[in-house]
1. Please compute one quarter of the surface area of the Cα convex hull for chain A and express it in square nanometres.
2. Taking the range A:20-121, which GluC sites (Glu not before Pro) meet the DSSP loop condition and have no more than 12 other C-beta atoms within 10 Å?
3. Among A:ALA89, A:ALA202, A:ALA68, which one moves the most in a GNM of chain A with springs linking Cα atoms closer than 10 Å?
4. How many angstrom lie between the C-alpha centres of the range B:42-83 and the range A:119-175?
5. Where the only charges are on Cβ atoms (+1 Lys, Arg; -1 Asp, Glu), what is the dipole of chain B about its Cα centre, to the nearest 20 debye?
6. Starting from the Cα gyration tensor of the range A:92-246, multiply each eigenvalue by 5, take the square root, and state the resulting semi-axes largest first in whole Å.
7. Other chains near B:59-66: what is the mean number of their Cβ atoms within 10 Å of each residue's Cβ?
8. Hydropathy first: keep DSSP H helices in chain A averaging at least -1.0 on Kyte-Doolittle, then drop any whose Cα extent along the axis falls short of 24 Å, and list what survives.
Amino acid sequence: MSLWGSPLRFRSLQIKNRILRASRSQPAAVEAQWRSLDWELEYARAGVGAILSARAEVRAPASLAPDALTIHGDEAIARWQQHVGRVHAYRCRYLIRLGLGQVARRLDQDDLRDIVRAFAEAGRRARETGADGVEIDGAEGSLIAQLLAPGVANDRPPAFQGSLEHRARLGRQIARGVRHQVGSDFHVQFRLGVTSPLGMMAAGVPHLLGWLEHDGIDAVHVNANAVAGRYLKETAKVPVVRGGRFESEAAAHAALEDGSCDAVALVRPLEFPPREVVAPWRPAA
Amino acid sequence: MSSRIADATLETFSTSWRAGWRGQRRYAMLTSLLGDPGRFVAYGTDGFIAFRVEGSWRADLARFVARMAIDGVELIPPPHTALEFAPDQLTFPDALTVQRCFDARLGRAAA
């Protein structure tokens, strides 16, 4: 059997094949919507091993569209529970992506403490929905990515600016906070933005990955090209899920076979309505 | 009537459905009906009776949760111990796993 159709075992989760369906990245100003979740059922039916949700906001923004996808209050649990339950019916796993968009104001210590707490609480809610895990969004457009970047002077407390260790502090605190809330047997993965090997090294991603592994993550999801993916795969102790610009299904196959990842997260080659990928769900005869 | 969910008859949820509780420590868990994305199966027990009831995620979930709240039932989140879906599994989590969760709760409460 090719790697494509073989099961992947994470520390506390197994998925039936190496294909994940990742939601479209939303521009920072556009919130994902609840109604978009119905589309995900088609991917579950097509046979993907797991679905990664669009970014669910862990805190209520100042203005929230009526249908915005959130997980910032306990009232969201029942809605997620229903969706996760429907996806599971196809023997497909479901991970909720927890995130916050970038902000255009100075963040102080209290803001950052509240943000870590909001992520941790969202993790607890995600577990209560019956989801199989969470993905912490630290890729482009996220607040975590904003703080990983050098930024401008005085847009954050000194402990969060300057060295990589300082800039990684928020992401690491979030990873530890989520892990503490969800317990040791719940899958937690981290999504990082990596475009090129040079960008990856400059951003200190290999160091950051090592720290996050120490903080308890079970997998990393990177939008990386083949070279960067292979470097991370060789460096990482946890499985690497590679997303990003696969121009065709053949390119995704190649990514799995060239050793640059343990699983692929696809959007483009599985456009709606999705094609069957491996062993699609069939109704009982 | 058995207190084991595996022995319970599968009922269909409706507005008139009642669990027939006899004990005060009441637990329930929602599970997916594998193969039917429109339906859930809820298991429940108080250590004296057990039930299995099927309903529609869209039409019945809110009413079922409200019914459990009225009855003073603790809805237990699904555990994360099952690594894979077994071929003959009917619900996720499966009934045995759910029963273990109930037993752990009832055992702790009784201790």
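1. Hull-based average projected area comes out at 14.3 nm².
2. Answer by residue number: A:GLU75.
3. In this elastic network of chain A, the residue with the biggest mean-square fluctuation among A:ALA89, A:ALA202, A:ALA68 is A:ALA202.
4. Centre-to-centre (Cα) distance: 35 Å.
5. My answer is approximately 420 debye.
6. After diagonalising the Cα gyration tensor, the semi-axes are 22, 21, 13 Å.
7. On the way: counts 0, 0, 5, 2, 0, 0, 3, 0.
Across the residues of B:59-66, the mean count of other-chain Cβ atoms within 10 Å is 1.
8. Once both thresholds are applied, nothing remains.
Read-outs throughout are calculated quantities, based only on the coordinates presented, and are distinct from any laboratory measurement. Not measured: the values here are computed from a predicted model. Don't worry about glycine lacking a Cβ; one is built from the backbone with ideal geometry, like all the others, and counts go over all protein chains shown.
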